[in-house]
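Visitor: Questions regarding the structure given below will be posed in turn.
The values are calculated or read from the model by the stated rules, or taken from the named source; none is laboratory data. Not measured: the values here are computed from a predicted model. Note: ideal-geometry Cβ built from the backbone for every residue, glycine included; neighbour counts use all protein chains shown. Areas reflect the complete protein model, heavy atoms only, side chains present, ligands, DNA and RNA absent. Shrake-Rupley method; radii C 1.70, N 1.55, O 1.52, S 1.80 Å.
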Amino acid sequence: MSNSVCVYIGDELARYGFGEGHPFGPDRLVAFWSLAQDRGLDARVNQCAPVSATREVIERFHTPAYVARVIEQSASGEGYLDCGDTPAFPGIYESACFVVGSVLDALERILNNECRQAFVPIAGLHHARRDSAAGFCVFNDCGIAIATLRLQYRLQRIAYVDIDAHHGDGVFYSFEDDADLIFADLHEDGRFLYPGTGREAETGLGDAVGSKLNIPMPPEADDEVFYLAWERLEAFIDQHCPEFILFQCGADSIAGDPITHLRYTPAAHRHAAQRLKLLAEKHCQGRLLAMGGGGYNRDNLARAWTAVVEALLEPA
Ligand SMILES: [Zn+2]
């Protein structure tokens, strides 16, 4: 068990996407898993089948009215679930339930000591708000995971770390006044990229001031810029002593992504995973869940996500 890592693989998870040819297409999981197999990771991880979530657990974070709307538009397959980025398609509700359910299953396995860490490749849908979809994200599995860690597992102090090129606005604004949600996000400066938020001065509201760290990165930022910012992020998380770490390791921050401008290499993702694993061992009995997040260049997401899994498999 000591270094065991669960990875969620299966068609039900792959299907969360917006059609062939879309940046968030159903071929992303396959791209990751092909490289993982080439590197022999399939024999080293515990492969777990995707699990669906109930409406009840989704409503730990989302409003019932919004969930009802997703169910309705999933049946008709028509219209958008937000202002025009996230189209409904037939069965999108069921697909989104598998993303959430797999993340919650991973939490359960970690907290039951069935594994040390876990990776859910199609997850980390950090833009969805409590009452709306946004930016290809239907249900915010990160927000649901935070709510579940508290309600079901009685953990209060949760760290959320996000290195996706886009700011994790759906998580940030949902917990902006929550002092026990330790939020740290390296993202491309919002003046140049969707969703436009995450200024350095945004550090939380009221009692929660100081519990959030936003570091906007200049477009074209490379690994050198990343490592400098990472040191600040790591010290911030360390200082707040979390009980669980959620890691959104979006691969759209790697050079060559078709919709962003950052220029990291997968070494950045490997480093982040290695260092967060150490912090998890120090503060959280190793408890860390990684979620794939964005990444629209297939080679990049495969290289970044396999680097994350390899880092988690390394001896502590
Ligand atoms: Zn992204």
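Visitor: As an exercise, use a Förster radius of 45 Å and the Cβ-Cβ distance of Thr63 and Leu278 to find the FRET efficiency, rounded to the nearest 0.05.
Guide: Details: r = 38 Å, r/R0 = 0.84.
Here the calculated transfer efficiency is 0.75.
Visitor: When DSSP beta bridges are limited to those with both residues in region 64-212, what percentage is antiparallel, rounded to the nearest 5? Show your work: numbers first, answer last.
Guide: On the way: 3 of 9 bridges.
Expressed as a percentage, antiparallel bridges in region 64-212 total about 35.
Visitor: A follow-up question, please. Ignoring ligands, DNA and RNA, please state the percent of accessible area on the chain from carbon and sulfur, probe 1.4 Å.
Guide: On the way: 5630 of 11490 Å².
Its accessible area is 49 percent carbon and sulfur atoms.
Visitor: Now for a different question. How far apart, in nm, are two points set 7 Å out from the Cα along the Cα-to-Cβ line at Gln285 and at Ser52?
Guide: 3.2
Visitor: Between Glu114 and Asp238, what is the label-point separation in nm under the 7 Å Cα-to-beta-carbon projection?
Guide: Placing both labels 7 Å beyond Cα along the Cβ direction yields 3.4 nm.
Visitor: Would the chain count as rounded, prolate or oblate if I go by the C-alpha gyration tensor, calling it rounded below 1.5 in a/c and otherwise prolate when a/b exceeds b/c, oblate otherwise?
Guide: Working: a/c = 1.17, a/b = 1.11, b/c = 1.05.
Judged from the Cα gyration tensor, the chain comes out rounded (a/c under 1.5).
Visitor: A further question on this structure: Cβ under 12 Å from Pro216's Cβ, Pro216 left aside: what net charge do those residues give with Lys, Arg +1 and Asp, Glu -1? Each step should come with its number before you reach the end.
Guide: On the way: positive: Arg191, Arg199; negative: Asp185, Glu188, Asp189, Glu200, Glu202.
That works out to -3.
Visitor: What order, most packed first, do the peptides 282-294, 171-183 have when packing is the mean number of other Cβ atoms within 10 Å of each residue? Walk me through the numbers on the way to the answer.
Guide: Numbers: 282-294: 23.5, 171-183: 21.7.
Going from most to least packed, we get 282-294, 171-183.
Visitor: Also: Accessible area per residue, 1.4 Å probe, Å², for region 101-165: what's the number?
Guide: Details: 1630 Å² over 65 residues.
Value returned for region 101-165: 25 Å² of accessible area per residue.
Visitor: Add -39500 (n - 2.57) for each DSSP H run of 4 or more in the chain, then divide by its residues: what number comes out at 222 nm, to the nearest 500 deg cm²/dmol?
Guide: Working: 10 runs with 121 residues, N = 316.
Theoretical 222 nm ellipticity from helices: -12000 deg cm²/dmol.
Visitor: Taking a ≥ b ≥ c as the square roots of the eigenvalues of the Cα gyration tensor of region 74-221, is the shape rounded (a/c under 1.5), prolate (a/b larger than b/c) or oblate?
Guide: Numbers: a/c = 1.72, a/b = 1.06, b/c = 1.63.
Judged from the Cα gyration tensor, region 74-221 comes out oblate (a/c at least 1.5, b/c at or above a/b).
Visitor: Hey, rough spin-label estimate for Glu78 and Asp222, points 7 angstrom out along Cα→Cβ, what's it come to in nanometres?
Guide: Taking the two extended label points, one gets 5.2 nm.
Visitor: Next question, about the same structure. Asp42 to Gln152: extension gain in nm, 0.36 nm per residue of separation minus the Cα-Cα distance? Numbers along the way, then the final one.
Guide: Details: separation 110, 0.36 × 110 = 39.60 nm, distance 3.07 nm.
36.5 nm is the gain from fully extending Asp42 to Gln152.
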